[in-house]
Each structure stands twice: as structure tokens, then as C-alpha cells.
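Accompanying notes for the structure given below.
No value in this document is a laboratory result; all are computed from the given coordinates. What you see is a predicted model; the values in this text were computed from it and never measured. As a convention, Cβ positions derive from the backbone with ideal geometry for all residues, glycine included, and neighbour counts pool all protein chains shown.
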Amino acid sequence: MKKVLSLITGLMLGSAAVPAANAKTLVAYFTLSGNTEKAAKIVAEETGADLYKIELVTPYPAEYKAQTELAKKELADGTLPAIKPWPENIDEYDVVFIGSPVWWGTMSTPVRTFLASGVLKGKTVIPFVTHGGGGADESFADTEKLCEGCNVITDGWSGYSRITFGLAGWAEKSLKAATSNDK
Ligand SMILES: Cc1cc2nc3c(=O)[nH]c(=O)nc-3n(C[C@H](O)[C@H](O)[C@H](O)COP(=O)(O)O)c2cc1C
């Protein structure tokens, strides 16, 4: 009875769009030197999600200085570099964790391409980042700006380099909150 009542209340409050507890979950991430990939694998393992590595059509330069210069230029002129196709079944996912290295205080440009593509519209998007000491900075606020029509949870996780302290607990808690009507 309690279940039926809460279902009816949920429908009346218009909260039917909240993903169910068995929501299909994806962890999409970009990485250049492996730190975000390490974090992404932990999030996927903790939440039982599928993994999707965002890859560039034209790979980034191998050298750090060249990487920072290209990223700076792309961010300044709004270039969204082409990425390889995302999974064909992307429509099936209700919740998408999105992992990125912090580049110049924001999400990396390949992740920006994915966020701005429109493919995540209507989904719950939960960002996490790894950084080199500057913290998440504008990453989470920018995720919300870029991902139009998405339900972005701006209480993201950020970690320095390869340190993943607190990540597993955060991932579990975030998914629970995103798929629960008890908010
Ligand atoms: C192009 C570029 C820009 C970066 N900008 C920042 C920054 O603004 N703040 C920061 O803390 N770290 C910055 N870093 C460091 C990375 O965020 C950090 O090393 C990250 O963990 C790398 O993740 P990855 O191994 O998944 O590529 C930058 C690195 C690159 C390559």
C-alpha cells in the first residue's frame, strides 16, 4: 500500500522522470595520461555501470606543453574537437557519470564536445574530475551550462592526480540520490 501511495504521490508531483533505482548507468570519460581513466574504472565498478572512453578523431599531441597550448586555443575560440562515435545504445542510459581532467579550470575540450552534442538531453549527468592541484574550479558549473536539457548534479567529485580518496563512496551516494524520489 505504501508503495502504491508513494507511486501515486510521485506521479502527482511530476517526479516520474526521476530514474528508477535500476537505472541503466554509463561512465563516460576522457583521459590523456590515465588519471581520469583510473577514477572512471572505480566509479563503474562501484555503480555497476558500463564504461565508455571518449576518443578524439585527431589525437592530442604527446608533449605536455603542446597539449596545454592547444587546449588553451580551443577553449579561447570555442573549438569542440571531433570525437569518435559514442555507443550506439546511448539512448538506453538514464544516468551518465562524466569524467574529465581539468583543463584551464574547466572540463577538457573532448568532454565539452560530448556534453554539447545534445545526446545527453533528458538524462541525469554526474560529473567528476581529476586535476593537477587547482581543484575542480569551473568544471561542474560549466558542465551544467554545456549540457542543455540535462539534469546535472553539480555536487561532483574532484581528486588530485591519481588520488581517488572518497571516490567510491561519492559514486554510490550520487547514484542513490539520483535514482531516489526521497529528495
Ligand atoms: C591541457 C591541460 C590543461 C590543464 N589545466 C589544468 C588546470 O587548469 N588545473 C589543474 O589543476 N590541472 C590542470 N592540468 C592537469 C590535469 O588536470 C591533471 O594532470 C589530470 O589529472 C590529468 O588527467 P588525465 O591523466 O586523465 O589526462 C592540465 C593538464 C593539461 C594536459
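Evaluate the stretch 80-87: report whether one residue or more is more than 12 Å from residue 139 (Cα to Cα), without any contact (Cβ under 8 Å) to a residue 24 or more places away in the chain and more than 15 Å from the ligand (Cβ to nearest atom).
Among the residues of the stretch 80-87, at least one is more than 12 Å from residue 139 (Cα to Cα), without any contact (Cβ under 8 Å) to a residue 24 or more places away in the chain and more than 15 Å from the ligand (Cβ to nearest atom), which makes the answer yes.
Report yes if residue 120 is touching a strand residue (DSSP E or B) at 6+ places or on another chain (Cβ under 9 Å), of a type in the set (A, V, I, L, M), away from the ligand (no atom under 16 Å from the Cβ) and part of a loop (DSSP other than H, G, I, E, B), otherwise no.
So residue 120 passes the test.
Which condition breaks for residue 136 when tested against (1) surrounded by fewer than 20 Cβ atoms within 10 Å (Cβ to Cβ); (2) not in a helix (DSSP H, G or I)?
Checking residue 136 against (1) surrounded by fewer than 20 Cβ atoms within 10 Å (Cβ to Cβ); (2) not in a helix (DSSP H, G or I), the one that fails is (1).
Quick one: is residue 98 in contact with a strand residue (DSSP E or B) (Cβ under 7 Å, 6 or more places away or on another chain) and not in a helix (DSSP H, G or I)?
The answer is yes for residue 98.
For the stretch 34-79, give me each residue that is of a type in the set (Ser, Thr, Tyr) and surrounded by 12 or more Cβ atoms within 10 Å (Cβ to Cβ).
Those that are of a type in the set (Ser, Thr, Tyr) and surrounded by 12 or more Cβ atoms within 10 Å (Cβ to Cβ): 36, 47, 52, 60, 68, 79.
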